[in-house]
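First up is the structure itself, then whatever we jot down about it.
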Amino acid sequence: MICRKGFTGWVSATVAFAIVLHGDYCFATTFVSTSVAITNVSVFDSVKEQMLPSQSVVIQGDRIQAIGPFLVIPQGAQVIDGSGQFLIPGLIDAHVHLVHLSDRTHVAGEEFLPLFLGAGVTSVRSTGDGVEAEKRIVQHTNLHPEICPRVFMASPLIDADPPFHKDVGLAITKTDQVPKLVEEMQQAGVTTLKMYVGTSREIGHLVIAEGHRRGLVVTAHLGRYAAQDAVADGIDCLEHIWGIIDFIVPRGQTRANVDLNNPRAIQLIAAVKEHNVAIDPTLVVFRDMVILGDQPEYIGHPDNAKVPERMREGWQHLVKERQFTAESLESRRAEFRKYQELTGVLYRAGVTLLAGTDAPEPFVCPGFSLHQELELLVESGLPPAAALNCATINNARILKQDKNLGSIEAGKLADLVLLRLDPLKDIHNTRSIAKVIRAGRVLDPQEILQAVPVR
């Protein structure tokens, strides 16, 4: 449960259930009465982007109590020897759908939520689903924190009439519709407003203004509303690398061969940086579904064996729908390489990058695809520590949850991942999960994954 405008403190401190109020949001959580201490572990410092060796982390209830090299371990604490291991913040996926795609796969969001937590993804941002269905899923996660991540809700896709996606699209074409919509979204517990491809600038500008007036984040998958205009109007975030590349391709060039030093590209990237707009590239969905969704290495990626068989069967519709041709393969690969090149350019320009996946789009495995996204970010030129920040503190900030999540600091929620291997030496090591800690609960990732249906 998420509620607005709370105060800091415990409303209830029973061992069975509590509602914790902190800052502007409150979290329903099962209260863990015992302490946990992880000793002699290397801890990821998000600011320094390095591992701090030989640290201890003490957790009391659902929050981090203390971090340091010489801590007194509380009597009766559950002690985990972290020697030779590495502690990172719980990962956050900034772009998922928990309802919208289930009609294709006949797998409900509640069924694949454990895939996120089992992969070390302790929070997700739903970016375009029906609100009532989202609320049902949030209630489910609150009842089952031992197998589910935290879920932050977004609005349905604010779009033209008719909306592009009829199941989760919302036709908003008149300015007087916007204030009421934003008020309803806030009251429903939505924290992000999402605009879609048909939104006009007139509507988009007002959505941004009304959203900000009510303290909400505004993001978009752009189309009609140009990125240059959305950035100037104060949007917080742009979804997909398309949100940049589609607005910098000059006449006579394509996505695959666009010169990233052309004036339009330089000007837009500079504006994104100046206005502090975050970009969520979602590289993995472009590689695994949009561009190379006919390639065996992505259709048959080992991660995909983890999803229910119904989901894999539902994904097979993609190959037929997309009508990929062998002749286009090299140009498609060139297009994806350009997306990665642009991601690297954005990083070097100082633009804030997020980590999102668009799971469960076809061949984009919930949870584990975020590890693929981190791998692609590193391939695009980000150091492993910077890529890790995309999936932790950067995503926490776009959720306005950096006081609670995204880094390992005293007072923050104890959402953590204990790794056997150092992710700063090799980003693939984010997969070497020994334990997942969700709100102070120490969990075995394999036990979490047993909650995912086989069929």
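So the values come out like this:
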item	result
Whichever residue in the stretch 320-330 is surrounded by 14 or more Cβ atoms within 10 Å (Cβ to Cβ) and assigned to a helix (DSSP H, G or I) and, among such residues, is nearest to the chain's Cα centre (by Cα)	R322
Exclusive hit being over 16 Å from Q372 (Cβ atoms), touching a residue at least 60 places away in the same chain (Cβ under 8 Å) and not polar (S, T, N, Q), set G252, G243, G293, G314	G314
Subset tally (residues that are closer than 23 Å to K194 by Cα and more than 19 Å from the chain's Cα centre (by Cα)) for the stretch 343-359	0
Residue match in the stretch 148-160 (condition: over 30 Å from V442 (Cβ atoms), without any contact (Cβ under 8 Å) to a residue 24 or more places away in the chain and not β-branched (V, I, T))	no
The stretch 296-311, residues that are more than 19 Å from L449 (Cβ to Cβ) and free of Cβ contacts under 8 Å to residues at least 40 places away in the same chain	P296, E297, G300
Pairs with Cβ under 8 Å, 6+ apart, first in the stretch 258-282 and at positive phi, second aliphatic (A, V, I, L, M)	T282/I241
K194 vs. criteria basic (K, R), in a strand (DSSP E or B) and either surrounded by fewer than 20 Cβ atoms within 10 Å (Cβ to Cβ) or in contact with a strand residue (DSSP E or B) (Cβ under 9 Å, 6 or more places away or on another chain) (or both)	yes
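So that you can scan it fast, the table gives a plain yes or no per residue for (1) buried (at least 20 other Cβ atoms within 10 Å of the Cβ); (2) in contact with a strand residue (DSSP E or B) (Cβ under 9 Å, 6 or more places away or on another chain):
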site	(1), (2)
L238	yes, yes
I269	yes, no
V277	yes, yes
G300	no, no
E313	no, no
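Laboratory data are not the source of any read-out in this text; all were calculated from the coordinates shown. Only a predicted model underlies this, so the values are computations on that prediction, with no experimental measurement involved. Glycine gets a Cβ as well: all are built from the backbone with ideal geometry, and neighbour counts include every protein chain shown.
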